[in-house]
Each structure stands twice: as structure tokens, then as C-alpha cells.
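What follows is a single structure, written as C-alpha cells, with notes after it.
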Amino acid sequence: MNQPKIPQATAKRLPLYYRFIKNLSLSGKQRVSSAELSEAVKVDSATIRRDFSYFGALGKKGYGYNVNYLLSFFRQTLDQDDLISVALIGVGNLGTAFLNYNFTKNNNTKIEIAFDVDESKIGTKISGVPIYHLDDMEKELPENVKLAILTVPSHVAQAVTDRLATTAIEGILNFTPARINVPEHIRIHHIDLAVELQTLVYFLKHYPK
Ligand code: ATP
């Protein structure tokens, strides 16, 4: 399939669409309307229609979209057939929660290996994931691991990132509040849970339902 370039905002909604379409397909449904999709994923139907037009999926009036077509498109676009191996750096409270969760509902994403500096954690496993010392990161990090989740204290986030930049890692999901600089070849996404909550509070106050 020749993949068109999709706008970033659309690309961010892909996993949401994918999860819903996968469930539809499992339940044996053959087609879905943009109204049904809109209700399920809470994205307005005009946005859905525009997003889907980038996928080459043109819904027909009175028919909707073909579920199997969408499913195979999403699977390919999101590389759902490949296993995504992830490393986790910083096995504190949040890091431990991630290791226990380990994307179990998402069977192609898996944290394979974790690193910390706390001697009491080194050599142990959490939910089957081995924890190594950060000093051994370059040695232990498998080549197939291209993503890292960062759950270290903020004050070490930049130093840890600088080391990650010398490995095969290409993407970092930063859960620390630190704003980190990365070299050109690395993509970094920031998830600051405190900021997200504050934003929600702001919206509740200024845009009440
Ligand atoms: P905890 O209760 O285990 O301290 P926490 O999430 O509140 O959890 P943080 O101080 O944020 O604690 O540290 C998170 C984890 O990062 C801890 O397990 C800590 O040992 C680890 N850590 C600290 N410095 C580094 C580092 N330089 N590299 C890797 N991990 C580190």
C-alpha cells in the first residue's frame, strides 16, 4: 500500500480509530458510519471524514466505511504487525506502574528491559521485565529497542537522554516535567501528567459543559 503523508493531528488520532475498528471487526461488523465512529471515539464526524479521506477511505452515503479496509490500513500504518520493543528508564512509582501494566491490552507493544541506579532494584524483575544498572545501558540495550520511556527524576532527565542519544534509541516518551534537548535524529514526546490535569481544571472552569 502506498502510504500518503498524513497530517500530525490526524496521525495522533489513528490509534484511537484503530482500537475501535479492531473491536468492530472482532464483533463481525462489516461497516461503520462516521456518526457511529464519532460517538464511540468522541471526535466530531466532520474531522473523522476529513481524517479518513487522507487514508483513501471514502465513505459512501448510507453505507459508511468498510471495516476491513480500515483495519488493514491502520494495521499497516501503525505497524501493528511488528513488535514494538520499549526500554524503561527509572523504576520508581510511575516506572513500576508501567512495568506492571506493560501495555497488556496492546499485544504488539512491550517493555522488554528496564534500567535504574538503585542497587536494591538491579537484578530483580517486575512483571517479568529485568532491571539493569544504568551504567550497563549501552551494553544491555538490545538493537531492536528503538523507544524509551523516561520516568527518572527531572534533574537527571537530560543526562540520561544524552546517553540514550548514543544508543539505537530513536524515540523518547518523557514523563518527567523536564524540557529536554535531543539531537536531530531523536523524536521526543512529553507527557506531563500534572500539566494535563491543570489543563483539564482550566477547561472545566472556562469551558464548562
Ligand atoms: P520511588 O518511590 O521509587 O523513589 P519516585 O517515582 O517517586 O519513586 P523518583 O525520585 O522520581 O522516585 O525516581 C524514579 C526512579 O528513578 C527511582 O527508582 C530512582 O532510583 C531512579 N533513578 C534516579 N536517578 C536515576 C538515573 N540517573 N538513572 C536511572 N534511574 C534513576
Practice item. Restricting attention to the range 161-191, report how many residues are over 21 Å from residue 142 (Cβ atoms) and free of Cβ contacts under 8 Å to residues at least 12 places away in the same chain. Key: 2
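Has the range 172-182 got any residue that is assigned by TED's automatic domain parsing to the domain that holds residue 114, part of a helix (DSSP H, G or I) and either modelled with pLDDT of 95 or more or under 19 Å from residue 114 (Cβ atoms) (or both)?
Checking the range 172-182: not a single residue is assigned by TED's automatic domain parsing to the domain that holds residue 114, part of a helix (DSSP H, G or I) and either modelled with pLDDT of 95 or more or under 19 Å from residue 114 (Cβ atoms) (or both).
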Exercise for review: Please list, ordered by first then second residue, the pairs with beta carbon atoms under 7 Å, 6 or more apart or interchain, first in the range 99-123 and farther than 17 Å from residue 79 by Cα, second within 16 Å of the ligand (Cβ to nearest atom) and among the charged types (D, E, K, R).
Suggested key: 113/140; 122/116
Point to revise | Filter pass, residue 81 being surrounded by fewer than 14 Cβ atoms within 10 Å (Cβ to Cβ) and within 13 Å of the ligand (Cβ to nearest atom) | key: no
Point to revise | Members of the range 95-128 found to be open to solvent by 70 Å² or more (accessible area, probe 1.4 Å) and near the ligand (Cβ under 10 Å from one of its atoms), listed by number | key: 117, 119, 120
Check your understanding: Identify, please: which residue in the range 142-170 is within 13 Å of the ligand (Cβ to nearest atom) and in a loop (DSSP other than H, G, I, E, B) and is, among those, surrounded by the fewest Cβ atoms within 10 Å (Cβ to Cβ)?
Key -> 153
Revision key, fill the gap. Scanning the range 55-71 residue by residue, the ones that are touching a Ser or Thr at 6+ places or on another chain (Cβ under 7 Å) and open to solvent by less than 80 Å² (accessible area, probe 1.4 Å) total 4
Exercise for review: Could you look through the range 31-46, keep only residues that are within 23 Å of the chain's Cα centre (by Cα) and touching a residue at least 24 places away in the same chain (Cβ under 8 Å), and pick out the one that is surrounded by the most Cβ atoms within 10 Å (Cβ to Cβ)?
Suggested key: 37
Check your understanding: Going by the structure shown, is residue 74 surrounded by 17 or more Cβ atoms within 10 Å (Cβ to Cβ), in contact (Cβ under 8 Å) with a residue 24 or more places away in the chain and under 26 Å from residue 110 (Cα atoms)?
Key -> yes
Review point. Taking the range 4-28 as the search range and keeping residues that are out of contact with any strand residue (DSSP E or B) (no Cβ under 9 Å at 6 or more places or on another chain) and β-branched (Val, Ile, Thr), which one is nearest to residue 42 (Cα to Cα)?
Key: 10
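The values are calculated or read from the model by the stated rules, or taken from the named source; none is laboratory data. The shown structure was predicted, so the numbers you read here are calculated from the model rather than taken from an experiment. Glycine also receives a Cβ, built like all others from the backbone with ideal geometry; neighbour counts cover every protein chain displayed. Accessible surface areas use protein heavy atoms only, side chains included; no ligands, DNA or RNA. Shrake-Rupley method; radii C 1.70, N 1.55, O 1.52, S 1.80 Å.
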